[in-house]
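The values are calculated or read from the model by the stated rules, or taken from the named source; none is laboratory data. None of the values given here were measured: they were computed from a predicted structure. When we count neighbours, we look across all protein chains shown, and the Cβ atoms used for this are built from the backbone with ideal geometry, even at glycine. SASA here: full protein model, heavy atoms, side chains in, ligands and nucleic acids out. Shrake-Rupley method; radii C 1.70, N 1.55, O 1.52, S 1.80 Å.
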Amino acid sequence: MVKDRRIGVAMDFSKSSKNALQWAIDNLVDKGDTLCIIHINSNKLDESRNILWAKSGSPLIPLSEFREPEVMKKYGVKTDMEVLDTLDTASRQKEVSIITKLYWGDAREKLLEAVEDLKLDSLVMGSRGLGTLKRVVLGSVSNYVMTNAPIPVTIVKDLDR
């Protein structure tokens, strides 16, 4: 197996994205890999210092900073202890590097942008499990990304449905 891969996980802190994170850790990441947590915030940024981030996304945030509430507050993201615990455990047990990158805008477009920016080898994301009608009306982020990404995309379904 090729080492030093960059594996992205789309994280919106929902149950399905947490399942996708756990699946990626259990089934995909290995020693020496980099796990890239990608969070898309649909809200616009108001502060002028954040205008650049709206275009290019945040700087890369290492796990040590991602766990600091005051650091995440400046990006408008609440700290999720369950996700942090999962990432801490993966970092220690699997010996992987973990970084986070935040984007602002449309999730479909920004996830494709992240694939290029972060030079990902693979992307894992959860499925909201929309019914046929909602999927047609609202559009499916996972379907769009899976169809348009130049890398393998794994969609992790919610098994509780």
Exercise. Consider I40 against the criteria (1) open to solvent by less than 90 Å² (accessible area, probe 1.4 Å); (2) modelled with pLDDT under 85: it satisfies all of them except one. Which criterion is unmet?
Worked result: (2)
Exercise. Can you find a residue in segment 24-35 that is assigned to a strand (DSSP E or B) and open to solvent by less than 40 Å² (accessible area, probe 1.4 Å)?
Worked result: yes
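Name the single residue, out of those in segment 46-73 being part of a loop (DSSP other than H, G, I, E, B) and open to solvent by 40 Å² or more (accessible area, probe 1.4 Å), that is modelled with the lowest pLDDT.
Step one: list which residues in segment 46-73 are part of a loop (DSSP other than H, G, I, E, B), which gives 46-47, 57-60, 67-68.
Add one more test, that the residue is open to solvent by 40 Å² or more (accessible area, probe 1.4 Å), and what stays is 46-47, 59-60, 67-68.
Details: D46: 56, E47: 53, P59: 86, L60: 90, R67: 87, E68: 88.
Here the answer is E47.
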Exercise. Picking from I155, I98, which residue would you name as being open to solvent by less than 30 Å² (accessible area, probe 1.4 Å), touching a Ser or Thr at 6+ places or on another chain (Cβ under 8 Å) and either over 15 Å from G57 (Cα atoms) or modelled with pLDDT of 85 or more (or both)?
Worked result: I98
For this session: Evaluate the following for L130: is it modelled with pLDDT under 90, exposed (fewer than 14 other Cβ atoms within 10 Å of the Cβ) and more than 17 Å from H39 (Cα to Cα)?
Result: no
Exercise. Restricting attention to segment 70-127, which residues are touching a strand residue (DSSP E or B) at 6+ places or on another chain (Cβ under 9 Å) and of a type in the set (V, I, T)?
Worked result: V71, V77, V83, V96, I98, I99, T100, V115, V124
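Restricting attention to segment 89-99, and to residues there that are part of a helix (DSSP H, G or I) and touching a Leu at 6+ places or on another chain (Cβ under 7 Å), which single residue is nearest to K18 (Cα to Cα)?
Of segment 89-99, the ones part of a helix (DSSP H, G or I) are 89-93.
So of that shortlist, the ones also touching a Leu at 6+ places or on another chain (Cβ under 7 Å) come out as 90-91.
Values: A90: 13, S91: 16 Å.
Ranking the candidates gives A90 first.
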For this session: Return only the number of the condition from (1) among the basic types (K, R); (2) under 17 Å from S14 (Cβ atoms); (3) at pLDDT 90 or above that K119 does not satisfy.
Result: (2)
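Criterion first (farther than 20 Å from I25 by Cβ and at pLDDT 85 or above) does E82 satisfy it?
Working: farther than 20 Å from I25 by Cβ: no; at pLDDT 85 or above: yes.
For E82, the condition - farther than 20 Å from I25 by Cβ and at pLDDT 85 or above - is not met.
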